[in-house]
Amino acid sequence: MEMQNQKSTMEIANLLYKYCEFIDSGDLVSASSLFKHAKLKMVTSTDLQNYKAMQALLQRVIVIYPDGTPRTKHVLSNPIIHIDEENGTATSRSYYTVFQVTENIPLQVIATGRYFDKFEYANGNWHFSFRESQSDMLGNISGHLRLDAVLLKQLNTAQN
């Protein structure tokens, strides 16, 4: 059972890391597709959303540069993963830190926050079943996100 738990922990950690990798490579479709079986608590709505809503939001607000990327590095840290092998479920909480550099913006931290995730095991694979993202601190996000006044207010309210 211990070997299975270690394997599951690694598979779940890899899902967490893949999201960061897809976002940083500009592959917003693959990033949102990780949540195909999930409900998402997004700052833009009080209702739980699906991955298509996430994909639409990512494509609307993330600035993609001529190299095809958002010029960011999303670093996920301190993942705490709890697995219930018997029921095929798991939870995770982790921190994220987003770095960015552009032609006009020097390398800097632009955002920090936390992810609260749930997972289910089905058909031989772990997949996301829920995600809540909480923004803790925002820096200069002007080179990363196209935010209208309403969305910016929602982000700032979620921080407090």
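Any read-out appearing in this document is the output of simple, stated calculations on the displayed coordinates, not a laboratory observation. On a predicted model such as this, the values are computed, not experimentally measured, just so you know. Ideal geometry is used to build each Cβ from the backbone, glycine not excepted, and the neighbour counts take in all protein chains shown.
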Nearby lysines by direct alpha-carbon distance to K73 (threshold 21 angstrom, same-chain neighbours under 8 apart not counted): K18
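First obtain the Kirkwood hydrodynamic radius of the chain from its Cα pairs, then insert it into the Stokes-Einstein equation at 25 °C and 0.890 mPa s, and state the resulting D in µm² per second as a whole number. Can you show the working numbers first?
Numbers: Rh = 16.4 Å.
Answer, rounded: 150 µm²/s.
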Magnitude of the charge dipole, segment 2-159, Cβ model with Lys/Arg +1 and Asp/Glu -1, debye to 20: 440
Relative contact order [Cα under 8 Å, 6+ residues apart], the chain, whole percent: 22
Segment 5-96: trypsin sites (Lys or Arg not before Pro) in DSSP loop, at most 14 other beta carbons within 10 Å: K36
Those aspartates and glutamates that a straight Cα-Cα span of less than 16 Å connects to K41, excepting residues fewer than 8 apart in one chain: D117, E132, D136
Calculated FRET efficiency for the pair Q4/V29, C-beta based, R₀ 30 Å, to 0.05: 0.45
Approximate spin-label separation R146-V101, in nm, with each point projected 7 Å along Cα-to-Cβ: 2.6
Segment 10-91: relative contact order as a whole-number percent, Cα under 8 Å and 6+ apart: 30
